[in-house]
Amino acid sequence: MFIKRSNLFHSFVGLLVIFTILVTGCSNTTIDQENTLDNEKQKVVTFSWPGDIGDLNPHTYFPNEFFSQAMVYESLVYYGKGGEIQPWLAESWDISKDGKEYVFHLRKDVEFSDGSVFNAAIVKKNFDTILDNRKQHEWVGLINQIKDTKIIDEYTIKLILNNAYYPTLQELTYIRPLRFVGEAAFPDSQNTFKDGLKSQIGTGPWVLSEYKKNEFAVFKRNEHYWGTKPKVDKVVVKVITDGESRVLAFEKKELDFIFGNGVISQDSFQFLKNSGQYETKLSEPTATRTLLLNSNREATKDLKVRLALQHAFNKQAVIDKIFYGMEKKADTLFPPILPYTKINIEPYEYDAEKAKMLLDEAGWKQVKGKPFREKDGKELQLELLFNSTDNIQKSIAEFTQGDFRKLGIDVKLTSQETNTFWTTAFQGKFDLLFTATWSVPFDPHSYLASMTTNSENGSPDYNAQLGLPVKKEIDQKIKKVLLTTDEEDRKILYSDILTTLHEQAIYLPISYQSNIAVYQKNISGVDFLPQEAEVPLTSIDVN
Amino acid sequence: MSWFIFKRLTSLIPILFGVSLITFILLHLIPGDPAVAYLRASHIPPTNETVAALRVELGLNKPLYVQYFGWLGKVLQLDLGMSYVSNNSVWEEIVVHFFPTVQLTFASLILIVVISLPIGMISAIYKGKFVDQFSRIAAFVSVSMPTFWFGFLLIYFLSVKLDLFPVLGRGTLAHLVLPSLTLAFTYIGTYMRLLRASMLGNLNEPFVVYARVRGLRQRLIVIRHVLKMSLLPMITGLGMSFGNMLSGAVIVETIFSWPGMGQLFVTSILNQDYPMIQGCVLFMGVIFVVCNLLVDLTYSFLDPRIRWEGEK
């Protein structure tokens with residue numbers, strides 16, 4: 001019998017025993033216990049990330065995270081503040097007059113984390129494995145332009161391009177795929193993209209020392225590192241998917257800092273800031289949160305309607321009420337601190353009366369007794385598409401619906417789950433769509449380049465711009481600017497492109513996004529790095 | 001009995017075939033393309049060329065029936081395929097994520113029994129008294145409070161304020177307490193009341209009257225006769241809940257960063273990782289059927305009147 005008559009209570013007690021065995025039997029040394037022991041000897045900082053670090057391969061993508069790839073692998077050149085390209089693994093470079101050849105002089109004091117030498121041969125080997133999978137990296141303009149790589153001498157390598165491609169140096173700063181793994185990391189097939197790495201050997205300041213998938217990763221300092229060595233000995237990255245749980249873990253001091261964009265809610269940031277118990281920081285603008293107006297749809301095809309919407313949207317109210325003033329008001333498609341993006345234009349200010357006038361001029365008139373404007377018997381209804389998992393988009397969408405109603409515009413909200421959202425967006429089935437620029441080092445050149453791609457799945461921007469009379473002209477200029485070697489020409493072209501886009505009122509920039517940092521008072525050196533996805537782990541110290 | 005078990009296990013085959021086919025069809029009805037989903041997650045602009053290359057690599061360019069039967073053929077050789085996202089074996093991923101979930105579910109199940117059994121029993125015995133009234137309110141709170149809210153309350157008071165448990169993560173017994181309590185909480189109220197109702201029904205049965213007449217003590221009657229009989233509906237429920245908890249602990253897993261099946265499943269859905277979703281569904285299907293089988297077996301032990309067809 002399963003349960004004997006008088007054994008019922010015994011079974012009950014037995015359950016308790018199983019429980020104890022189960023939980024204690026499954027226990028292992030926890031990262032916290034280990035940290036407590038380590039803390040006595042070593043300096044450890046702990047922070048969290050919404051997902052696992054991935055398999056830590058610089059030549060592949062998801063589920064690899066930008067920040068973890070940037071901790072272990074480095075590039076030939078570095079994207080400095082304001083877009084200035086700085087020497088990194090290459091200490092200098094020469095560009096041929098025709099702009100088709102780049103010669104990189106490598107640093108001679110660089111070793112991989114296993115002690116092997118970093119030289120032209122390993123750079124070529126890395127480039128070759130990346131170029132073997134050209135199709136998969138096709139989105140990086142430079143990959144399509146590289147014709148060949150040649151070793152000049154042990155510490156000099158030459159890139160030969162098909163065309164003079166100006167963003168070459170910018171794209172070499174990307175966190176992936178153009179970064180380097182050591183010889184011992186290559187799989188037997190030598191194809192790091194298809195077969196992954198044997199081990200994670202890079203030249204960066206950190207080495208992965210312990211890892212439990214979806215739970216935590218521990219990085220220790222790379223003792224072979226050529227640059228400024230990190231101040232702390234170890235970095236623990238805990239996987240915490242939920243923003244509120246992250247805040248609670250931080251309050252309990254299980255985390256030393258919170259860093260990133262959208263990792264905690266605006267309310268939580270405000271709460272932590274106001275508590276006065278922690279340090280908080282907000283970065284310079286990284287990317288722009290915008291509404292894309294579809295010029296290929298009935299109502300928004302009309303420039304006057306698009307201009308009316310620009311004046312009808314109350315950015316300041318959104319910033320004050322939804323972002324608690326945390327994001328800065330955006331007047332242009334790209335933050336003006338990026339290269340080539342400071343243009344001389346007059347921003348569209350909030351002016352409801354002007355918006356009404358423009359709508360009247362466009363033929364959308366108020367009809368007595370009806371809430372919405374009409375033209376040829378049709379109501380002015382605009383479909384605003386937003387991502388259902390993004391709470392900020394939802395709030396702005398609802399605010400816009402209420403605000404535009406006062407002007408006689410019926411905003412129909414369409415909320416879709418991420419994948420469906422993008423499918424609908426690519427098909428151009430929207431009047432207004434939430435979008436954002438890609439931040440540096442992709443902005444402005446990569447984001448603009450994506451607008452020119454006629455692709456079912458490419459950028460929704462292409463379809464949304466199709467109704468513009470100047471679409472061809474814009475595309476030609478974007479293609480031209482990428483291949484211009486003359487700096488002055490480039491400035492003029494960028495200015496032309498951005499001015500035209502502004503005049504066509506196709507983008508309604510709302511605010512500039514920023515990274516946030518919240519940290520305990522004993523942490524110092526928290527600063528923002530130029531690339532949005534990089535975490536300032538090298539400069540952080542525990543006091 | 002072995003015939004019964006054999007029959008139940010063989011019935012798994014058509015059930016799982018049906019489940020996998022329906023899942024496959026439903027997956028392909030979802031708008032969106034896994035190749036595009038992967039590229040988006042990688043921050044790669046999905047142009048025609050990149051999407052086409054990835055679709056060929058993932059085998060998504062083949063006709064649907066070829067994809068399905070190709071997958072089925074591999075499953076018959078116990079190969080659940082490779083995840084589109086992590087490029088790891090689906091089976092390995094399931095194993096890695098299943099153990100934490102089993103740990104969490106078992107702990108919760110035991111908490112449910114340990115808490116709801118005595119309270120349910122006492123409320124039945126002292127019907128209408130203070131204990132019963134209290135348990136009624138407690139059950140009401142338990143079934144109405146959203147799981148995530150209860151989880152945050154536990155973290156806030158027991159972890160952040162009183163510093164009794166870690167906020168999240170996995171490892172020691174202390175790490176298990178809050179998530180398992182959160183997961184168990186909703187079920188506790190249900191089973192407390194279920195046991196109470198079932199015991200009240202059985203307390204009026206003729207065999208109880210007869211036992212009293214025989215002069216047996218109340219304690220003995222309740223424990224030896226009534227409780228055993230009254231456990232039947234609770235066991236059925238727990239068997240079902242066990243399956244539910246194994247696959248549906250996603251909220252608890254998210255709040256407490258518990259790396260279990262729920263998280264794996266939801267992430268796979270968000271990433272449209274077809275092989276992973278198919279693998280998880282199939283695996284969960286097996287778990288559900290096995291849980292039901294175990295419940296049925298337990299039944300016969302508890303109530304000798306229940307016999308399997310094969311033994312009649």
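One table, with the values for the structure above:
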item	result
Residue tally, condition of a type outside the set (A, V, I, L, M), touching a residue at least 40 places away in the same chain (Cβ under 8 Å) and surrounded by fewer than 20 Cβ atoms within 10 Å (Cβ to Cβ), over the stretch A:268-296	10
So A:LEU292, is it out of contact with any Lys or Arg (no Cβ under 8 Å at 6 or more places or on another chain) and within 14 Å of another protein chain (Cβ to nearest Cβ)	no
Given (1) more than 25 Å from A:ALA533 (Cα to Cα); (2) of a type outside the set (Gly, Ala, Ser); (3) without any contact (Cβ under 8 Å) to a residue 24 or more places away in the chain, index of the condition A:LYS394 fails	(1)
Hits in the stretch A:343-359 - residues which are closer than 16 Å to A:ASP403 by Cα and not in a helix (DSSP H, G or I)	A:GLU349, A:TYR350, A:ASP351
Helices (runs of 4 or more DSSP H) within the stretch A:390-505 that include 3 or more residues more than 14 Å from chain B (Cβ to nearest Cβ)	A:391-405, A:471-482, A:487-503
A:GLN190 vs. criteria touching a residue at least 40 places away in the same chain (Cβ under 8 Å), at positive phi and of a type outside the set (A, V, I, L, M)	yes
Of residues in the stretch A:78-119 being among the hydrophobic types (A, V, I, L, M, F, W, C) and in contact with a helix residue (DSSP H, G or I) (Cβ under 7 Å, 6 or more places away or on another chain), the one surrounded by the fewest Cβ atoms within 10 Å (Cβ to Cβ)	A:ILE85
Pair list, Cβ < 8 Å and 6+ apart or interchain, from the stretch B:276-295 residues that are free of Cβ contacts under 8 Å to residues at least 12 places away in the same chain to residues that are aromatic (Phe, Trp, Tyr) and not in a helix (DSSP H, G or I)	none
Helices (runs of 4 or more DSSP H) within the stretch A:90-187 that include 3 or more residues without any contact (Cβ under 8 Å) to a residue 60 or more places away in the chain	A:120-132, A:141-145
Meets criteria (closer than 16 Å to B:ILE110 by Cβ and in contact (Cβ under 8 Å) with a residue 40 or more places away in the chain) for B:ILE235	yes
All positions within the stretch A:193-246 that are without any contact (Cβ under 8 Å) to a residue 24 or more places away in the chain, within 14 Å of chain B (Cβ to nearest Cβ) and assigned to a loop (DSSP other than H, G, I, E, B)	A:ASP242
Top-ranked residue in the stretch B:150-159 [being surrounded by 12 or more Cβ atoms within 10 Å (Cβ to Cβ) and of a type in the set (A, V, I, L, M, F, W, C); ranked as nearest to B:LEU183 (Cα to Cα)]	B:PHE150
Whichever residue in the stretch B:118-145 is basic (Lys, Arg) and either closer than 23 Å to B:GLY171 by Cα or not in a helix (DSSP H, G or I) (or both) and, among such residues, is farthest from the other protein chains (Cβ to nearest Cβ)	B:LYS129
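No value in this document is a laboratory result; all are computed from the given coordinates. This structure is a prediction, so every number in the text was calculated from the model and none was measured. Reconstructed Cβ throughout: ideal geometry from the backbone, glycine too, with neighbour counts over all protein chains shown.
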